[in-house]
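A.B. asks: Take this structure, written in structure tokens, and hold onto it; I'll ask about it next.
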Amino acid sequence: MSAPIAPRRVSFDWSRTPLHWIPGEPTATRVINVLHLVLPAGERWFVKGFKEGLPLAGDPELLADVKGFMGQEATHSEQHAYVLDHLAAQRLETAHFTWYVDFLFERLLGERPPLHAPLPAREWLRFRLAVVAAIEQFTAVLGDRILAVGYSLAEHDKAVRKGLLPAWKDLGAAIPRYVRRSYHPSQEGSLSRAVAYLCSSPAARRAA
């Protein structure tokens, strides 16, 4: 099964979101909030790298997927950035952390390789695109876990046992899958479940 990557201009009202937005689960809430600190800069970096890599996508179908991915990541970055404003309103200061994240993506992994790792421009671009691919694989692992949360909230135990957060063994098991030569992103998670979620998501339906 395949599905086109269609950027959806989703928007959310964060103003009434409580500090611990997973009820009774402050730890799980804070762990997931950390993703909001990393993702705005990371997803902007994704878009920049893929914009550079567009000439490498000779296949029309691949080119359409890349452009769809870029639009999707740009929207994600914007929405995650709004969450930072919401956290600031909750008196949670994030600038000291996001400074390091910005430095990582804009300087260490920017358009030019760092001085201690001189590489030809094409190889440096290929390396950065490979990093994006690896990150997206783990994003798929996390996304599959999030989609499954509805089936595990009935358990009364720690956040991992409830399915609110992935276990380390789940993340570790994703590594050998990814490094196999036969690996393909379509093997990760459930596309049908993701599409079903988009069909029922109020934000996605409004954007459509």
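The values are calculated or read from the model by the stated rules, or taken from the named source; none is laboratory data. Please read these numbers as outputs of a predicted model, since none were measured by experiment. In this analysis, Cβ positions are derived from the backbone assuming ideal geometry, glycine residues included, and neighbour counts consider all displayed protein chains.
A.B. asks: With LEU109, LEU92 as the choices, which residue is within 15 Å of TRP14 (Cβ to Cβ) and hydrophobic (A, V, I, L, M, F, W, C)?
C.D. replies: LEU92
A.B. asks: Among the residues of the stretch 23-33, how many are out of contact with any Lys or Arg (no Cβ under 9 Å at 6 or more places or on another chain) and more than 15 Å from ALA81 (Cβ to Cβ)?
C.D. replies: So the count comes out to 7.
A.B. asks: I'd like to know if the stretch 60-70 contains one or more residues that are within 28 Å of ALA95 (Cβ to Cβ) and not assigned by TED's automatic domain parsing to the domain that holds THR139.
C.D. replies: Yes, there is a match, as at least one residue in the stretch 60-70 is within 28 Å of ALA95 (Cβ to Cβ) and not assigned by TED's automatic domain parsing to the domain that holds THR139.
A.B. asks: Now, a different point. Of all residues in the stretch 160-182 being under 28 Å from GLY24 (Cβ atoms) and basic (Lys, Arg), which is modelled with the lowest pLDDT?
C.D. replies: Ranking the qualifying residues of the stretch 160-182, first place goes to ARG161.
A.B. asks: Considering only the stretch 14-127, give the helices (runs of 4 or more DSSP H) lying wholly within it that have at least 3 residues that are touching an Asp or Glu at 6+ places or on another chain (Cβ under 8 Å) and touching a residue at least 12 places away in the same chain (Cβ under 8 Å).
C.D. replies: Qualifying helices (runs of 4 or more DSSP H): 26-53, 60-89.
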